[in-house]
Structures are given as C-alpha cells and as structure tokens.
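Below: one structure, written as structure tokens.
Just so you know, all these numbers are worked out from the coordinates, no wet-lab data involved. Note that this is a predicted model, so its numbers are computed, not measured. Positions of Cβ are generated from backbone atoms using ideal geometry, with glycine treated the same way; all protein chains shown enter the neighbour counts.
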C-alpha cells in the first residue's frame, strides 16, 4: 500500500510543480489553489509512505517520479525542447527509480 501511495504522491508532485509555474507569483487564484491542494496531498502521501519505506528510497522515488513526469509533460506540451539526449536521460532516471524499488 505504501508504494501505491508513494507513486500517487509523486504524480501529485507533477501537478503542484506545473501549477506553481502557472501561478505567476501566486497572483492567479486557480493555479494557486491547485498548487496548495496538490502540494499538501503530495506531502501527506509521502509522509504516509515513509512510515514503512526507508527515508532515502521513498524520497528518491517520490522526487524521481515528480521530476520525470514534470519534464515529460513540459516536453509534450512544448514548454521544453525534446531531444534524444533528454529522452535518454529521463529513461536513465526511470531506470534508477525502478532499481531502488527492486533492491528494496
């Protein structure tokens, strides 16, 4: 159960990071509220997962999922450039995340 919550929390990290970019310094209400709700939910889920998972592993997986999905979303929407090197680096990050899960 902790792993499922951790994955969902990592996905919520992508939501709050994307919303944060759209708040324009917290001057826009809707993205600011989305940021706040997603951030709190993401942190609560991370805290829950850390009750049974090792700190380093849980945090690395949480950040890795959030960072990977945020970059993939940004590239898919055209906010960031896509290149073969960037895709390979993201795949390497995913491989490291999976490796942490497998060696747990």
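Remarks
- Option label - Cα extents along the principal axes in Å computed here, alternatives (1) 42, 35, 17; (2) 39, 29, 28; (3) 58, 51, 21: (1)
- The chain - percent relative contact order, Cα under 8 Å, separation 6 or more: 32
- Listed from fewest to most Cβ neighbours within 10 Å, the set 3, 62 follows the order 3, 62.
- Look at 96, 11 and count the other Cβ atoms within 10 Å of each Cβ; fewest to most, that gives 96, 11.
- Fewest-first ordering of 80, 24, 13 by other beta carbons within 10 Å of each residue's beta carbon gives 24, 80, 13.
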